[in-house]
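Here the structure is laid out as structure tokens; the discussion comes afterwards.
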Amino acid sequence: MPHQITLIPGDGIGPEVAAATVRSVDATGVSIEWDRVDAGIKAEKETGKFLPDSVFASLDRTRVGLKGPIATPIAGGHPSVNVALRKKLDLYVNFRPIKMLPGLKTRFSDLPIDMIIFRENTEDLYSGLEHEVVTDVVESLKVITKTASMRIARATFEYAAREDRKKVTAIHKANIMKMSDGLFLRCCREVAAEFTQIEYGEMIVDNACMQLVMRPEIFDLLVLPNLYGDIVSDLTAGLVGGLGIVPGANLGERHAVFEAVHGTAPDIAGKGLANPTALMQSATLMLRHLGERDAALRLQRALESVYEEGINRTRDVGGTATTDQFTDAVIAKL
Ligand code: NAI
């Protein structure tokens, strides 16, 4: 029986990196039936909705999605489709491994960087609750709940125990947001107390940003509320070669949607320059989730040997290869 996967190519470079990733996953030999559905700009043109019901109908059937980035207008316009999808499917864990690829030179490549971000994915300042109290005075509500904080903390520690990771650091600003971030921290502490074999630490987010740049090798697993998780993801992506590299997974009880950390990259969209590594590495997470460990390993090794060789790299990581040339090189390794 082939695996059924919902494919959401998305906007900007999304269709380019999604096509490249589908080609590389198919080349592993794993049997997949891709159910392509649109969300974002194309969907709105065709159906009048940025997030049509067909997306949920497909994901309800397949339970697993591979998703490209979707654009969100700035300072106005419709709310984020990405946030809506995560909330509606209750994809409460945003899992983002940050790791050096072999052979890739960055300012930090001499350091053994291997950390995983566990970003709470459903609340915080992404509640979408904003209003103008009186003219020129605006409030945004930061919502932190015990339920959401406990389950992201539990997901982090359970992963640490399962995968034999050594340390969890909770990142917060509870010195200022004593109630909201204070609740988040109390939940992390409560869960940490159940996992005495795993070292637990806490760091204020501004200091954490400095430590991540100065001594990234001291971090193992990081657990963060939604907004800090978003910002720290891009910061840490910068340590290992940029947004073209870092994969991710949105995980809930029923569904899993795999997507890169990066956005639609409008500056390079349609030019064949996008680096599909981030979505390909998201696909290796997806293959593992599907129980296809061998295919996941082979795709990961193929990616790594293309980086090790250093001949076919895209422009963002210092090469000259196009998206297609890079993808062909990965497939040749497979
Ligand atoms: P971005 O991640 O799209 O781009 C930031 C920089 O990284 C740009 O210079 C871009 O060219 C580069 N970059 C990103 N991915 C790359 C790749 N695969 N290969 C080579 N270079 C890459 O962030 P930006 O410009 O802040 O956001 C653009 C749009 O994307 C916005 O509408 C934003 O809301 C949306 N977005 C969507 C996300 C999602 O769907 N999960 C996540 C982040 C942003």
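Using 1/(1 + (r/R0)^6) with R0 = 41 angstrom and r between the beta carbons of residue 54 and residue 139, what's the FRET efficiency to the nearest 0.05?
With a Förster radius of 41 Å, E is 0.70.
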Checklist entry - Taking the DSSP beta bridges in region 107-239 as the whole, what percent of them are antiparallel, to the nearest 5? => result 30
Checklist outcome for this item: Sequence order, region 207-224: Karplus ³J(HN,Hα) from phi using 6.51 cos²θ - 1.76 cosθ + 1.60, θ = phi - 60°, Hz rounded, Gly and Pro as x, gives 4, 4, 4, 5, 4, 5, 7, 7, 9, x, 6, 7, 8, 10, 9, 10, 10, 9
Item to check | HN-Hα J in Hz across region 268-281 - Karplus 6.51, -1.76, 1.60, θ = phi - 60°, x for Gly and Pro | outcome: 10, 4, x, 9, x, 9, 5, 8, x, 4, 4, 6, 5, 5
Checklist outcome for this item: the chain accessible area per residue, 1.4 Å probe, protein heavy atoms, integer Å², reads 45
Item to check | Karplus 3J(HN,Hα) series, Hz, for region 151-161 with 6.51 cos²θ - 1.76 cosθ + 1.60 (x for Gly, Pro) | outcome: 6, 6, 5, 5, 4, 5, 5, 5, 5, 4, 5
Item to check | Rounded to the nearest 10 Å², the accessible area of residue 209 at probe 1.4 Å | outcome: 40
Checklist entry - So between residue 202 and residue 42, what do we pick up on full extension, going 0.36 nm a residue minus the alpha carbon distance? => result 53.3 nm
Checklist entry - What is the set of long-range amide H partners of residue 258 at a cut-off below 5 Å, with H atoms built 1.01 Å from backbone N? => result 65, 66, 67, 250
Next on the checklist: On the Cα set of the chain, report Rg and Dmax in Å, please.
Outcome noted: 19.6, 61
Checklist entry - Using helices alone, what [θ] at 222 nm do you get for the chain, with -39,500 (n - 2.57) per DSSP H run of 4 or more residues, divided over all residues and rounded to the nearest 500? => result -12500 deg cm²/dmol
Item to check | Residues with amide H under 5 Å from that of residue 51, placed H, sequence gap 5 or more | outcome: 40
Checklist entry - Restricting to the chain, what percent of DSSP beta bridges are antiparallel, rounded to 5? => result 40
Checklist entry - For 289, 255, what's the largest-to-smallest order of accessible area, 1.4 Å probe? => result 289, 255
Checklist outcome for this item: Scoring region 107-239 by relative contact order with C-alpha pairs under 8 Å, at least six apart, yields a percentage of 38
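May I ask which of 67/271; 42/333; 67/166; 87/146 have a Cα-Cα span longer than 22 Å here?
Numbers: 67/271 20 Å; 42/333 34 Å; 67/166 31 Å; 87/146 16 Å.
Pairs exceeding 22 Å: 42/333; 67/166.
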Checklist entry - Once amide H atoms are placed 1.01 Å from N in the peptide plane, what residues at a sequence separation of 5 or more from residue 98, or on another chain, have their amide H within under 5 Å of its amide H? => result 115, 116, 117
Checklist entry - So, with a 1.4 angstrom probe, what is the percent of accessible area on the chain that is carbon and sulfur? => result 54
Checklist outcome for this item: Rounded to whole angstroms and listed largest first, the alpha-carbon spread of region 107-239 along its three principal axes comes to 52, 37, 23
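The values are calculated or read from the model by the stated rules, or taken from the named source; none is laboratory data. Here the structure is a predicted model, which means the values were calculated and not measured. So basically every Cβ, Gly included, is an ideal-geometry build from the backbone, and we count neighbours across all protein chains shown. To get the accessible areas, we keep the full protein, side chains included, count just its heavy atoms, and leave off ligands, DNA and RNA. Shrake-Rupley method; radii C 1.70, N 1.55, O 1.52, S 1.80 Å.
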